[in-house]
1. Considering the stretch 165-189 alone, what residues qualify as being open to solvent by 70 Å² or more (accessible area, probe 1.4 Å) and either in a helix (DSSP H, G or I) or in contact with a Lys or Arg (Cβ under 6 Å, 6 or more places away or on another chain) (or both)?
2. Output yes when any residue across the stretch 156-165 is farther than 30 Å from residue 51 by Cα, of a type in the set (A, V, I, L, M, F, W, C) and in contact with a strand residue (DSSP E or B) (Cβ under 7 Å, 6 or more places away or on another chain), and no when none is.
3. Select from the stretch 124-160 the residues that are over 27 Å from residue 72 (Cβ atoms) and among the polar types (S, T, N, Q) and list them in ascending order.
4. Could you run through the stretch 111-130 and say how many residues are of a type in the set (A, V, I, L, M, F, W, C) and either closer than 11 Å to residue 202 by Cα or touching a Phe, Trp or Tyr at 6+ places or on another chain (Cβ under 6 Å) (or both)?
5. Mind checking whether some residue in the stretch 166-184 is in contact with a helix residue (DSSP H, G or I) (Cβ under 9 Å, 6 or more places away or on another chain) and closer than 16 Å to residue 55 by Cβ?
6. Counting only residues that are exposed (fewer than 13 other Cβ atoms within 10 Å of the Cβ) and over 21 Å from the mean Cα position of the chain (by Cα), which one in the stretch 116-164 is modelled with the highest pLDDT?
Amino acid sequence: METDRSGETAINIPETKANAKGKAPLAVSSKAMVEQPKRGLKKGIAICDFLLRLCALGAAIGATATMGTTNETLPFFTQFFQFQAQYNDIPAFEFFVIANAIVAGYLLLSLPFSIICIIRPYATAPRLLLVIFDTVMMGLTIASASASASIVYLAHNGNPNTNWLAICQQFGDFCQKVSGAVVGSFIAGSILMFIILLSAFALKRS
């Protein structure tokens, strides 16, 4: 309480706790309005990541199953020989089956971590872990698909310089199935590459 020379009395009313509390939500709400679009973007990226993993998982399983069950026996044979083609006759195809099976298993195990990123969009540790393993699995997928693609090319066209004959004229179904498996593996690798780019973008925005 203060008294002026003119005799007027001025009363100083201290700021109450209610008034002080009333000012705080304005700053908090403005910050929440800024953070809300960013959270929505990260959650959308995480959902897209989960769906892409399901697509890559389907492509990897399809490629593995197709290559692993590829088998064709020609209708004619001799007394000592039977003409048959299987994936395990060629080491590159064996590597293809093993590599894509590993990738499919990894993608299945990575789904819970992707769900964690959906529930907690700002969590960087699981996303960083997924980026590291996604890069390794992408390299493994592309390597196995590329090695098998070279064998498929030789099976279709042969190589006259080394007297390697094209076998797809005789083993048509075999070549058709292994070609489809290679295409499926390349699709899985491309999806993994896109997933890595999405995750890198999400980590940059964090």
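The values are calculated or read from the model by the stated rules, or taken from the named source; none is laboratory data. Here the structure is a predicted model, which means the values were calculated and not measured. Reconstructed Cβ throughout: ideal geometry from the backbone, glycine too, with neighbour counts over all protein chains shown. Heavy atoms of the whole protein, side chains included, go into the accessibility calculation; ligands, DNA and RNA do not. Shrake-Rupley method; radii C 1.70, N 1.55, O 1.52, S 1.80 Å.
1. Of the residues in the stretch 165-189, the ones open to solvent by 70 Å² or more (accessible area, probe 1.4 Å) are 165, 169-170, 173, 176-177, 183, 186-187.
Listed by number, the residues that qualify are 173, 176, 177, 183, 186, 187.
2. No.
3. 124, 135
4. 4
5. yes
6. Of everything passing the filter in the stretch 116-164, 150 is modelled with the highest pLDDT.
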